[in-house]
């Protein structure tokens, strides 16, 4: 699933010439670097990349080339990846549950920042991680709406527990910080406001001046034609509210976007295998492949259809039931997908905004999932 060495002008040129029978992810390095510069120029603090969203080597290398100097890692694999590709970058180990072996691996690789959301995991860290120059960031959760789904169901301390954890972190001699995660694909800037103000309350209740506040990821990428993310508005809100909430004790800020950096750097082309009786559409990719995330956070409607000759289908869009290639009946895209009325077998359905949680969730169930990668100068068809 490595990137091709040839650089194509755009997806249309590739599809016309190669006529691929397997799904193809197109990567535009220029789009990845533009997303990175947007964050670096606009966010009022350190920008880190959530590696889990797309750990492709080309993605990491392009972000590092654009100036990203920190990476949020969730596993020893990701830590080793960053140490190899960006050896001088800061690594934040922000998966709050780890085995002792995993913690020891991070210590050996020089990781100096960890998140924590429970007393038992904090004790593990205290027993294993040297104090000198090491940050412990307490992760808390709030019942805040605005995201595609709630990460607080699995991670994050209550406010009361966060106060106790922060006290223990400071007493143990670590650099005390706070982190939160408003939830993925969060389109409401005010979700960050509620979290920032509560973070200040936690620090006050604990009697601890925190060094840094990690405002998490959750920044959206462009999935719907009618909803263009206004990320700069969120940056301005975070900057303003951090000053209002913390005053003279305002900490340094960190963010850890994933999909907002990689999502719009990729497009996915899936081929129409069949139109069953002219009604149901069967594609060569589905929920066991690069489209795995759609049932969880909703469809992407930034879709265009090309004929095998590379011409755009311009027929009226009609809602269709769309299935993936496997024999499992759950392999169906959510709802009904608007596709041209003149859609035909052999056409290519191209989704924009497909860089996050696509390569990493792709499986080989039923023998499908052979995902090809191609590099393009532009994702525009």
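The values are calculated or read from the model by the stated rules, or taken from the named source; none is laboratory data. Only a predicted model underlies this, so the values are computations on that prediction, with no experimental measurement involved. Reconstructed Cβ throughout: ideal geometry from the backbone, glycine too, with neighbour counts over all protein chains shown.
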Would it be correct to say that residue 318 is surrounded by 20 or more Cβ atoms within 10 Å (Cβ to Cβ), in contact (Cβ under 8 Å) with a residue 12 or more places away in the chain and over 26 Å from the mean Cα position of the chain (by Cα)? no
Which members of the range 167-193 meet the condition of being crowded, with 17+ Cβ neighbours inside 10 Å and in a loop (DSSP other than H, G, I, E, B)? 174, 180, 181, 182, 183, 184, 185, 186, 187, 188, 189
Out of all the residues in the range 282-300, is one or more surrounded by fewer than 22 Cβ atoms within 10 Å (Cβ to Cβ) and part of a strand (DSSP E or B)? yes
Please count how many residues of the range 40-75 are touching a helix residue (DSSP H, G or I) at 6+ places or on another chain (Cβ under 7 Å), under 24 Å from residue 376 (Cβ atoms) and crowded, with 23+ Cβ neighbours inside 10 Å. 9
Could you tell me how many of the residues in the range 194-225 are buried (at least 20 other Cβ atoms within 10 Å of the Cβ), in a helix (DSSP H, G or I) and within 24 Å of the chain's Cα centre (by Cα)? 3
Could you list, in sequence order, all residues of the range 272-281 that are touching a residue at least 40 places away in the same chain (Cβ under 8 Å) and assigned to a strand (DSSP E or B)? 272, 273, 274, 275, 280, 281
Subset of the range 29-77, residues more than 17 Å from the chain's Cα centre (by Cα) and closer than 16 Å to residue 353 by Cβ, comes to 30
What number of residues in the range 239-271 are more than 29 Å from residue 358 (Cα to Cα) and part of a helix (DSSP H, G or I)? 11
Scanning the range 1-39 for residues that are closer than 21 Å to residue 351 by Cβ, in contact with a strand residue (DSSP E or B) (Cβ under 6 Å, 6 or more places away or on another chain) and either free of Cβ contacts under 8 Å to residues at least 40 places away in the same chain or buried (at least 22 other Cβ atoms within 10 Å of the Cβ) (or both) gives 11, 14, 15, 23, 24, 25, 26, 27, 28
Unique residue being more than 19 Å from residue 22 (Cα to Cα) and modelled with pLDDT under 95 when the list is 315, 298: 298
